[in-house]
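Novice: Handing you a structure now.
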Amino acid sequence: MNLASYRKKSPWILHFNAGGCNGCDIEILACLGPKYDIERFGMINTGNPKQSDILLITGPVTKRTRERLVEIYAQMPEPKVVISCGACASTGGVFRGMYNCEGGVDQFIPVDVYVCGCGTRPEQIIDGVVQALGILEKKTKALEQSVKLKKEALQEEGQLNRRNIADEIKPLLT
Amino acid sequence: MNFYLTGLYFLPLIVGGILLIAPAKISRPLVILSSLVLSVLAFLVFLSVNEPVYFSVPHYVSQLVAGADILMLVFFLWVALQRKSLLVGIMSVVQLAGLLYLLKNMSGGESLQFMVDKLSTFMFLLINIISGIIAVFTLRYIDEEDCSAFRKKFFLALLFWFIGAMNLVVSADNLEYFFLFFELTTLASFLFIGFRKDAVSIQNAVTALWMNQLGGIAILAAIFFIVYNGYGEITFTNLLAHAKAEGILLPLALLSIAALIKGAQLPFSKWLLGAMVAPTPVSALLHSSTMVKIAPFIILRLSPALKDTPVAMVIIGLTGFVFIASAVSALSQDNFKRILAHSTIALLALMIMMGAIGTPVTIVAALVLVLFHGISKCMLFLNAGVLERVFHLKQSSDMDRLGESGPFTSLVMTIGFMSLLLPPFGAFIGKWLSIETLGALATEKKLLGALVIVAVAGGGAVLSLLYFKVIGLLINRTGAQDQIRFEKTGPYYAATIYILLGLVLASVAGLPLLLTYYFAPVASAVNGSAVIVMQEGWNLFVGSMRIPLLPMLIAFFLLPVTILVAMFIRFRHTDRVKEYMCGEKINYSFSSFYFSTDRAIPYFSAAGILFFIALIIVALI
Amino acid sequence: MNVMNAYLIPVLLIVLAPFIGGLVYGFDRIVKARMQRRTGPPLLQPFYDFLKLADKRQMMVHSTHAFLGLMHFVSLWFALAVLLLGGDLILVIFLHLLSTSLLILAGYSTRSVFSHLGANRMALSVLAYEPVLIIMAVSVFMINGSFDTSVVYASGEPLLYKMPLAFVALLLVLPIKLKKSPFDVAEAHQEITGGVEIEYSGLFFEAVYTAKWLDYIFCYTLVFLFAGNNILLGAGLIIFTFFYLAALDNSTARVNYKQMLRFSLGVAFTLAFINLLINSLI
């Protein structure tokens, strides 16, 4: 019995708002409602990383939420996929370059599917999730080894990129 | 055999006297040795007594007893004056007056004043073994107490004198002697509770004094009515012989009142709860294992006469109510010793109820509960002492990290609580037998039986909740540390707790044997009819009650063993993850939930008083 | 041969209990969705969940917590077994209480806020429904003269006609037992994210998840007790209870624990008590 095929039949979602405006969150909740009804695919919105497969993130990652985001990602058991919903989660969106935003989820955790839109429409979210399920089926349940993020650290005018902050501070201390 | 009995009575007195003056080098081995000797003596007495043994004492001893009675009451009067307590004063005056009146008007018969039967030897075993263990525990406990060296010796001496008094209480047949020894235990309780001499202790000691004196007055009143109604000698045996006589209910009711007060049933439970300020060996000895067991002892003595009377019905109603009321009150307590005190009151109510019903199986249930509750509560209280001295913990809400810093203490406490609650431990079997036999009662007296079953089963559920609440505090771990290192508490503490643990576990293994060779004979002696214990296939039959062994055995593996294994099991190859706190990294401290029963307490007390009044009324009708 | 026949159906039920429970749970989800004018998941969805959870990386907070979760499932199965085999009703209630207590202890054993809150609330829920069950058992005793459920299964006169008020009281406390609205404070998904279940994942979560299915079978067996040996009546009662619970779950909001205790001990307990008085006086 190919257990991997059952991942598609019962994908449980964890929804995390990384400091966004709630526009995409409302659309995700709409997916769970009667009109779009993703429960017919077996999807449940669990509030709990330990029991979910799909991490749906909205909002540009702020300084405060980045640590919690990584913590929650670490508490999810493999196999797992990450979907960044909306422009803010993908690239920082409207808030790109601001002092409190880190410029997207992929600065911190590996993302599998980017869903575009500001706010994304439920149809786009469902499409993204279905594509993620295809990726999920191919993943293993081994512990994820240390991953080099594909995306380069954000280098922009005035943007303090805290991913490399350790490299910047070390020479100041010695 | 008389030699063994004399040993049981006089050895504690002599040892107590020596301990008052001996230095530590002598007193330590002396205490350990006398505990052993007393236990062996109790065991030998148990083996050798099959028929009741009566013996009397010379006439001058009677006069000594009367003199000691009066002296003690004068001492109580002095306490009343010193502590300015009106209640103690009134009680003492009434007792003195009553006693003097009775001494003048009683026919001084040459009756046999002492009777030792199977029930007495049963109590001997419980008293001497448990008290011996507690005495050894006290050797270290009292050393660390903040008082003068003489006071420490006085404590040990008082402990042994108390053991002597208890041995005398359970062998007294003559009610006047019984009154003296009863009041001696009250005196001991007073001295013990007030040992620490701070304001709270003194106040609680005075409360204990007057409440127990009320019990003494009840005994005196019972003696009065026996004389007044002309039953003849004032002995238990004579009382039982007149079981069908006119007006016998009133002395029985009065003696039951004395038992109920000694057993801290509502509304007289305040003294037991207040007694928890005393040093922990006192709580273990007096207020859980030995002194309060006088209550079911009296009821068991009287059970052939009490059975099926209106007095017994009222007692059953009262104790059923107390069982559930104290279980609920226990949920409101944070102080660990108070939790134990409330659950003691609840189980005492159950024991008294079983004694009052009086059928062979219920008497077995009462005896089973008396013994196993004594052992388990003693273990829990001694553990409370260890918590107090080694971990400096008094409130259960502080026991947050105990599971990691003190795994052995947590283990013992968990076993202690589970032994009161879960199969196949004795206390569960006792409760099981109670519920099944209450059913038998309910077929005759439907309404009363139904109400009492509800109270007992409901109270049992509430008590389970209570115990799991406390075990939950003990089972809490961070999981950061996988290795278990049992803590060292010191030789005296560790040794006594190991012995008690061994007793608890041995009783599980030997329960069918104990039922056949220990409880059933005692119950037969009490009840007068034989109690048959036999095993048939996968069922154990006690009288007509069936204990299904197979579900019990499986339940044993599923429940107590599961909890113990859960505390120590380690899955080696599974990944570990942190708790979900929405991703936060804050450290939390955890407590438990409590109910406030303040608003209910007046109603409980009022209900208790109504029951007591009902007890007198049905006796008078 | 007769002995074998007598035991065949209960043993079969016991062995297949998780599967039957899963089907019931799946059907419950579909009914819930249809009541909300949605399509709902397929019938076999709980089994898909089960198989998916089996394929996740094993994680635990610590062994005590994980082990207690597993044993909760095992002991609930055992309680169900005793009930189906005709055991003593008080023993069954006690075993169910103890299996719930294992889960409560599991909730207390981690240093997680939601876990503790869930365990506290679960303990209070137990306090709410346990007395009603006990009075129900005592009423059965008053009628039959023993606590044995085998007598109940064999009796020709359904208990429903003799203790109707107790049945109503049972219906009122079933939502508490099954953690359905309005009495699902113990689980409270939006408040405390599942309470005690929160720290479980993978195989250990499967144990707790499957225990929920067994709870359905347990509760429906309690309902079936009221039908005696009349299987049609029993099936009817179970179907009625099923739709009643689904409708109640979908139409009510959650109440807090104080309101739950007040309702359960004030209304359900009183009804059961009146029933007991009637049974003991007649």
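Novice: At residue A:150 and residue A:118, where each label point lies 7 Å from the Cα along Cα→Cβ, what is the point-to-point distance in nanometres?
Specialist: 2.3
Novice: Neighbouring Cβ atoms within 10 Å as the yardstick, rank C:30, C:282 fewest first.
Specialist: Ranking C:30, C:282 by Cβ neighbours within 10 Å, fewest first, gives C:282, C:30.
Novice: Sequence neighbours fewer than 8 away in the same chain don't count; with that in mind, list the lysines whose C-alpha is under 21 Å from residue B:307.
Specialist: Partners found: B:118, B:244, B:262, B:293, B:431, B:445, B:446.
Novice: Take the Cα pairs of chain B, get the Kirkwood Rh, then feed it into Stokes-Einstein at 4 °C and 1.567 mPa s and tell me D in µm²/s.
Specialist: Answer from the Stokes-Einstein relation: 52 µm²/s.
Novice: Can you give me the angle between helix B:310-330 and the longest principal axis of chain B, using Cα atoms only, in degrees from 0 to 90, rounded to the nearest 10?
Specialist: 30
Novice: Just grab the label-to-label distance for residue B:64 and residue B:90, each label 7 Å out from Cα along the Cβ direction, in nm (one decimal).
Specialist: 3.6
Novice: Just grab the label-to-label distance for residue A:170 and residue A:63, each label 7 Å out from Cα along the Cβ direction, in nm (one decimal).
Specialist: 2.3
Novice: Looking only at the protein assembly as shown, where both bridge partners belong to it, what percent of the DSSP beta bridges are antiparallel (to the nearest 5)?
Specialist: Percent antiparallel among DSSP bridges in the protein assembly as shown is about 50.
Novice: Using only Cα atoms, locate the centre of region A:95-114 and the centre of region C:132-171, then give the distance between them in Å, rounded to an integer.
Specialist: 63
Novice: Find out how many positive minus negative residues lie around residue B:290, taking Lys and Arg as positive, Asp and Glu as negative, among other residues whose Cβ is under 14 Å from that of residue B:290.
Specialist: +3
Novice: Taking the Cβ-Cβ separation of residue C:11 and residue B:30 as r and a Förster radius of 45 Å, what is the calculated FRET efficiency to the nearest 0.05?
Specialist: 0.10
Novice: Further question: On the first, second and third principal axes, largest extent first, how far apart are the outermost C-alpha atoms of region C:2-281 in Å?
Specialist: 55, 46, 41
Novice: How much length would be gained if the chain were fully extended between residue A:30 and residue A:138, taking 0.36 nm per residue of separation minus their Cα-Cα distance, in nm to one decimal?
Specialist: Residue separation times 0.36 nm, minus the Cα-Cα distance, leaves 36.0 nm.
Novice: Using Cα-only point scatterers and the Debye equation, what is log10 of I(q)/I(0) for region B:228-328 at each q in 0.12, 0.13, 0.18, 0.25 Å⁻¹, rounded to two decimals?
Specialist: -0.46, -0.53, -0.89, -1.33
Novice: Using the 10 angstrom Cβ neighbour count as an exposure proxy, how do A:37, B:143 rank, fewest first?
Specialist: With the fewest neighbours first, A:37, B:143 line up as B:143, A:37.
Novice: Also, quick follow-up: Most exposed first by the Cβ proxy, i.e. fewest other Cβ within 10 Å, how do C:162, B:307 rank?
Specialist: Ordered by Cβ neighbours within 10 Å, fewest first: B:307, C:162.
Novice: Going 7 Å from the Cα of residue C:252 in the Cα-to-Cβ direction, what parts of region C:201-242 have a backbone nitrogen less than 16 Å from that spot?
Specialist: Under cut-off, by backbone N: C:241-242.
Novice: Taking just the alpha carbons, could you work out the radius of gyration and Dmax for region B:11-110, both in angstroms?
Specialist: Radius of gyration, then largest Cα-Cα span, for region B:11-110: 19.5, 51 Å.
Novice: Amide H neighbours of residue C:148 under 5 Å, counting only residues 5+ apart in sequence or on other chains, H built in-plane at 1.01 Å?
Specialist: Correct list: C:89.
Novice: What do you get when you divide the Cα radius of gyration of region C:133-216 by 2.2 N^0.38 Å, with N the number of residues?
Specialist: 1.45
Novice: Now for a separate question. Using the beta-carbon distance between residue B:55 and residue B:405 and R0 = 45 Å, what value does 1/(1 + (r/R0)^6) give for FRET efficiency, to the nearest 0.05?
Specialist: 0.25
Novice: Then there is this: About the Cα centre of the protein assembly as shown, what is the dipole size in debye to 20, counting +1 per Lys and Arg Cβ and -1 per Asp and Glu Cβ, all else neutral?
Specialist: Charge dipole, the protein assembly as shown, about its Cα centre: 1220 debye, nearest 20.
Novice: Here's a follow-up. Summing Lys, Arg as +1 and Asp, Glu as -1, what charge do residues with Cβ under 14 Å from the Cβ of residue A:127 carry, residue A:127 excluded?
Specialist: Result for the local shell: -2.
Novice: Here's something else I'd like to know. Could you tell me the convex hull volume per residue, in Å³, taken over the Cα atoms of the protein assembly as shown?
Specialist: Cα convex hull per residue, to the nearest whole number: 187 Å³.
Novice: Counting Lys and Arg as +1 and Asp and Glu as -1, what is the net charge of the other residues whose Cβ lies under 14 Å from the Cβ of residue C:248?
Specialist: Summing Lys and Arg as +1 and Asp and Glu as -1 gives +2.
Novice: For the protein assembly as shown, what is the calculated [θ] at 222 nm in deg cm²/dmol (nearest 500), taking -39500 (n - 2.57) for each run of four or more DSSP H residues and dividing by its residue count?
Specialist: For the protein assembly as shown, the value works out to -21500 deg cm²/dmol.
Novice: Please report the antiparallel percentage of DSSP beta bridges with both residues in chain A, rounded to the nearest 5.
Specialist: Counting DSSP beta bridges with both partners in chain A, the antiparallel share is about 5 percent.
Novice: Set the Förster radius R0 to 22 Å, insert the Cβ-Cβ distance between residue B:530 and residue B:47 as r into 1/(1 + (r/R0)^6), and round the FRET efficiency to 0.05.
Specialist: 0.65
Novice: Something else: Tabulate in residue order the Karplus-calculated ³J(HN,Hα) for region C:83-88, using 6.51 cos²θ - 1.76 cosθ + 1.60 with θ = phi - 60°, rounded to whole Hz; enter x for Gly and Pro.
Specialist: 5, 5, 8, x, x, 6
Novice: If you don't mind, another one. Averaging sequence separations of C-alpha pairs under 8 Å and six or more residues apart, then dividing by the length of region A:3-173, give the relative contact order as a whole percent.
Specialist: It comes to 23 percent, rounded to a whole number.
Novice: What's the center-to-center distance, using Cα atoms, between region C:201-250 and region B:549-614 in Å?
Specialist: Each part's Cα centre sits 26 Å from the other's.
Novice: Next question, about the same structure. Once each part is reduced to its C-alpha centroid, what is the distance from region B:214-253 to region B:427-493 in angstrom?
Specialist: Their Cα centres are 37 Å away from one another.
Novice: I'd like the Kirkwood hydrodynamic radius of region A:3-173, using the inverse of the mean 1/r over distinct C-alpha pairs, in Å.
Specialist: Computed over Cα pairs of region A:3-173, the Kirkwood hydrodynamic radius comes out at 16.5 Å.
Novice: Continuing with this model, one more query. Just to check I understand the Karplus step: with θ = phi - 60° and J = 6.51 cos²θ - 1.76 cosθ + 1.60, what whole-Hz values come out for region B:200-212, glycine and proline as x?
Specialist: 5, 4, 5, 5, 5, 5, 5, 4, 4, 4, 6, 5, 5
Since every read-out is calculated from the coordinates, none of them should be taken as a lab result. Treat the numbers as computed from the prediction; the structure is a model and nothing was measured. A quick note on method: Cβ atoms are made from the backbone with ideal geometry, for glycine too, and the neighbour counts reach across all protein chains shown.
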